[in-house]
Amino acid sequence: MIEAVAQNLVFGILLGALYGLAAVGIAMVFGVTKFLNVAHGELLMFGGYASFWLFKLFNLDPFLSLPLTILFLLLIGVVLYKLLFVRMVKLPEEEKIKNTMLIGFGLTLILQNIALTLWTADDRGITTSYSGAAFTLLGLRFPYVRVAGLVISLVCLFALQQFLRKTYTGKAIRATVVDWEAASLVGIDVHKVYLLSFLLGTSLAGVAGTLVLASFSIEPSMGMHWTLKSLIVMVLGGAGNFMGTFAGGILLGATESAAAFFIPGNYRQVVGLMLFLLILIFRPQGLFGAKER
Amino acid sequence: MRYLQIISITLLLIILACVPVVIEKDSTINLFILIFLYIALASSWNILGGFSGQTSLGHAAFFGLGALATRLLWIKGFPVLPSILAGGLLAVIFAMLIGVPSFRLKGVYFAIGTLALAQILNVTVGNVFPTIAALPVEELVAYQLGPRYYLFLSLAVVVVAVAYLLVNSRLGLGMMAVREEEDAAESLGISALKHKLLALGISAFLTGLGGGAFAYYHVSYYFQFPFTPIWSLDMLTMVYIGGTGTVLGPIIGAVFFVVMKEFLVLNVGEYHLIIFGGLFILVVLFLPGGIISAWQLVRNALRRQAKPGGNKPALEKMG
């Protein structure tokens, strides 16, 4: 019994790492630019497909092809930004959030149906030589692929944190978050900062998509599910703190797994959503967020 | 002008009432029914999302609850109209349960929160009623499009009439005041929470009626289907395409939405949603006030030409 619960928790935490990574992407964009890109899940789906076709056509391992997938997502990101999102930069905050959300819905339709027409509605997964392999620790199974997902997520997160803390550009991004007007007064190119943050978000979606493909499977309508999870985790963790966001993802994954274990029927999503609503109502700044002002 | 309006609306209604008598093609009648349903849904959504400014992504819950209650009662043998009314009432009850906690959330958090609430219902209904809501044979044999056409026509008329009365009433003005500036409205003695709750209640009731009509119309569907988030997104999309916060906007948006989709399905087949998504983005980018604002833009441009140098503020607002 205890072992089954623990095993469930392990899988929940490993899945939660992917929630966390997806959410850090959406939170990165939202935190800096106030763009609510609800097509984030679709970008993640495109990352998954890029990785899938690189594997199918060129026999490239998904973990090795990660740079190519990221490059592909960067391209999509640049196009989307230059074509659409750049027009939202100067709007007042409320309107910016609303309009980018609406644009995101339009993009959701477009991207989802492009995937549907190009690649059909089939579930796509890949099988590598190490797909089913796992190591055992304390009597618990740890599949290599999923552990790799956790490790890669943590590496991305650490790199992002160091980039924001240590580099000049990172500091410029943080300055823009605090006050974009003041930042532009001291010579920071706010447009560049916005573009960069947007691209960081799309590349993180690419990484997350690859990891989802490696551990599970992908299909064209998966985006909505991942966008919703990312939004939930972003609010759970509280804005402006990526470690908090990531921890929120782990928490959601673990809670869902526990729910799936203890409650009969398919209610794992319901329990996760309830947790989200309760935190949203009673702790709107998020679990790990500081109180505003 | 006012008489002209009344006469043209009456004429339009008479023409619409004659449609099933003149046209015999079922597909045309079905298209009209779809347009009426979407006019009703868009106008209902607009009462909360447009008038009181609370962008909801959870209206599928009200639509679904209306459909669920109506279908269950109707199949049990209750008359149709009371069943639909019960659907509307169930939607209101749910709305009042979630109202106060939901309105603690502002702006985009309200949108995400309502989406989450609707998803909770969606998943739960999918678990409790995993089957298809099929019609019993005797109902299937008696099925006729005619009465359904008039039901949807009256539904659309009722919802639009409510929106019209609201826009010109003290209550509606209160809702709009809350939308524009909550604190200022409160300082004038307008309770923001009360007005938001009323907008939510009216909006949920009318959406629930729409769900009820849907349950009476559709022969077989999964019980879960009316709860899926696409309904909420469609309502929001139509209102934004037409123009938020107006009576005419949601009607224009709904007609555009249904006709455009139908047109694209017939002409570009599987690419229709891709093109539709693109069209929607174009509206958001270039006509932020919806199609209805295009008319105002044209009028302003004409006025500017007639009177050089005038109308500066309108220009700035659009830019």
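The values are calculated or read from the model by the stated rules, or taken from the named source; none is laboratory data. All of these numbers come straight from a predicted model, not from anything done at the bench. Here the Cβ positions follow ideal geometry from the backbone for every residue, glycine too, while neighbour counts run over all protein chains shown.
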For the stretch A:258-267, what are the residues that are more than 9 Å from chain B (Cβ to nearest Cβ) and modelled with pLDDT of 80 or more? A:Ala258, A:Ala259, A:Ala260, A:Phe261, A:Phe262, A:Ile263
Members of the stretch B:8-27 found to be surrounded by 10 or more Cβ atoms within 10 Å (Cβ to Cβ) and closer than 18 Å to B:Ser154 by Cα, listed by number: B:Ser8, B:Ile9, B:Thr10, B:Leu11, B:Leu12, B:Leu13, B:Ile15, B:Leu16, B:Ala17, B:Cys18, B:Val19, B:Pro20
Hey, does the stretch A:140-160 have a residue that's over 20 Å from A:Thr202 (Cα atoms), among the small types (Gly, Ala, Ser) and within 14 Å of chain B (Cβ to nearest Cβ)? no
Kindly indicate whether A:Leu91 is at pLDDT below 90, within 14 Å of chain B (Cβ to nearest Cβ) and farther than 25 Å from A:Val233 by Cβ. yes
Kindly check whether there is at least one residue in the stretch A:195-205 that is part of a helix (DSSP H, G or I), in contact with a Lys or Arg (Cβ under 9 Å, 6 or more places away or on another chain) and more than 30 Å from A:Ala133 (Cα to Cα). yes
Need the failing condition index for B:Ile132 against (1) touching a strand residue (DSSP E or B) at 6+ places or on another chain (Cβ under 6 Å); (2) within 14 Å of chain A (Cβ to nearest Cβ), just the number. (2)
So in the stretch A:122-151, with the set limited to residues that are under 22 Å from the mean Cα position of the chain (by Cα) and free of Cβ contacts under 8 Å to residues at least 60 places away in the same chain, which one is farthest from A:Leu196 (Cα to Cα)? A:Tyr144
Filter pass, A:Val235 being within 14 Å of another protein chain (Cβ to nearest Cβ), farther than 17 Å from A:Ala23 by Cβ and in a helix (DSSP H, G or I): no
Going through the stretch A:273-292 one residue at a time, which ones are more than 9 Å from chain B (Cβ to nearest Cβ) and either within 14 Å of B:Thr124 (Cα to Cα) or at pLDDT below 80 (or both)? A:Arg283, A:Gln285, A:Gly286, A:Leu287, A:Phe288, A:Gly289, A:Ala290, A:Lys291, A:Glu292
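Rundown of residues vs (1) touching a Pro at 6+ places or on another chain (Cβ under 9 Å); (2) within 14 Å of chain B (Cβ to nearest Cβ); (3) surrounded by fewer than 23 Cβ atoms within 10 Å (Cβ to Cβ), yes/no style:
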| position | (1), (2), (3) |
| --- | --- |
| A:Ala17 | no, no, no |
| A:Gly20 | no, no, no |
| A:Val24 | no, no, no |
| A:Lys34 | no, yes, yes |
| A:Ala39 | no, yes, no |
| A:Phe55 | yes, no, yes |
| A:Leu60 | no, no, yes |
| A:Leu64 | no, no, yes |
| A:Asp123 | no, no, yes |
Would you confirm, using the coordinates I've provided, whether B:Ser187 is polar (S, T, N, Q) and closer than 30 Å to B:Cys18 by Cα? no
Restricting attention to the stretch A:10-45, which residues are in contact with a strand residue (DSSP E or B) (Cβ under 9 Å, 6 or more places away or on another chain), closer than 17 Å to A:Thr136 by Cα and aliphatic (A, V, I, L, M)? A:Val10, A:Leu14
Matching residues, the stretch B:280-303, being buried (at least 18 other Cβ atoms within 10 Å of the Cβ), within 12 Å of chain A (Cβ to nearest Cβ) and outside any loop (DSSP other than H, G, I, E, B): B:Phe280, B:Ile281, B:Val283, B:Val284
Counting only residues in the stretch B:171-191 that are among the aliphatic types (A, V, I, L, M) and free of Cβ contacts under 8 Å to residues at least 40 places away in the same chain, the one surrounded by the fewest Cβ atoms within 10 Å (Cβ to Cβ) is identified as B:Leu188
Take the stretch A:68-121 and flag every residue that is of a type in the set (A, V, I, L, M, F, W, C) and either on the phi > 0 side of the Ramachandran plot or outside any helix (DSSP H, G or I) (or both). A:Leu84, A:Val89, A:Leu91, A:Ala121
Just to be sure I understand the filter: pairs with C-beta atoms under 6 Å, separated by 6 or more residues or on different chains, first member in the stretch B:45-57 and within 14 Å of chain A (Cβ to nearest Cβ), second member part of a loop (DSSP other than H, G, I, E, B) and of a type outside the set (Val, Ile, Thr). Which pairs pass? B:Gly49/B:Ser56; B:Gly50/B:Gly245
Whether any residue in the stretch B:140-147 is within 23 Å of B:Ile47 (Cα to Cα) and assigned to a helix (DSSP H, G or I) is what I want to check. no
Quick count over the stretch B:93-115, residues being buried (at least 22 other Cβ atoms within 10 Å of the Cβ) and either of a type in the set (Gly, Ala, Ser) or farther than 23 Å from A:Gly104 by Cβ (or both), is 4
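To keep it simple, each residue is scored yes or no on (1) more than 14 Å from chain A (Cβ to nearest Cβ); (2) modelled with pLDDT under 90; (3) closer than 16 Å to B:Phe227 by Cα.
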site	(1), (2), (3)
B:Pro101	no, yes, no
B:Asn127	no, no, yes
B:Phe152	yes, no, no
B:Val159	yes, no, no
B:Leu166	yes, no, no
B:Gly189	yes, yes, no
B:Lys194	yes, no, no
B:Leu198	yes, no, no
Six or more apart or on different chains, Cβ under 7 Å: which pairs go from a residue in the stretch A:216-229 that's surrounded by fewer than 21 Cβ atoms within 10 Å (Cβ to Cβ) to one that's among the hydrophobic types (A, V, I, L, M, F, W, C)? Could you list them? A:Glu219/A:Ala121
Out of all the residues in the stretch B:217-236, which are among the polar types (S, T, N, Q) and either in a helix (DSSP H, G or I) or within 17 Å of the chain's Cα centre (by Cα) (or both)? B:Thr228, B:Ser232
Answer yes or no: is there a residue in the stretch B:62-80 that is touching a helix residue (DSSP H, G or I) at 6+ places or on another chain (Cβ under 7 Å), surrounded by 12 or more Cβ atoms within 10 Å (Cβ to Cβ), without any contact (Cβ under 8 Å) to a residue 24 or more places away in the chain and assigned to a helix (DSSP H, G or I). yes
Taking into account only those residues within the stretch B:237-253 that are outside any helix (DSSP H, G or I) and within 14 Å of chain A (Cβ to nearest Cβ), which is farthest from B:Phe51 (Cα to Cα)? B:Gly243
Give B:Asn127, B:Asn168, B:Asn122 a once-over and let me know the one that is surrounded by 21 or more Cβ atoms within 10 Å (Cβ to Cβ) and farther than 25 Å from B:Asn30 by Cα. B:Asn122
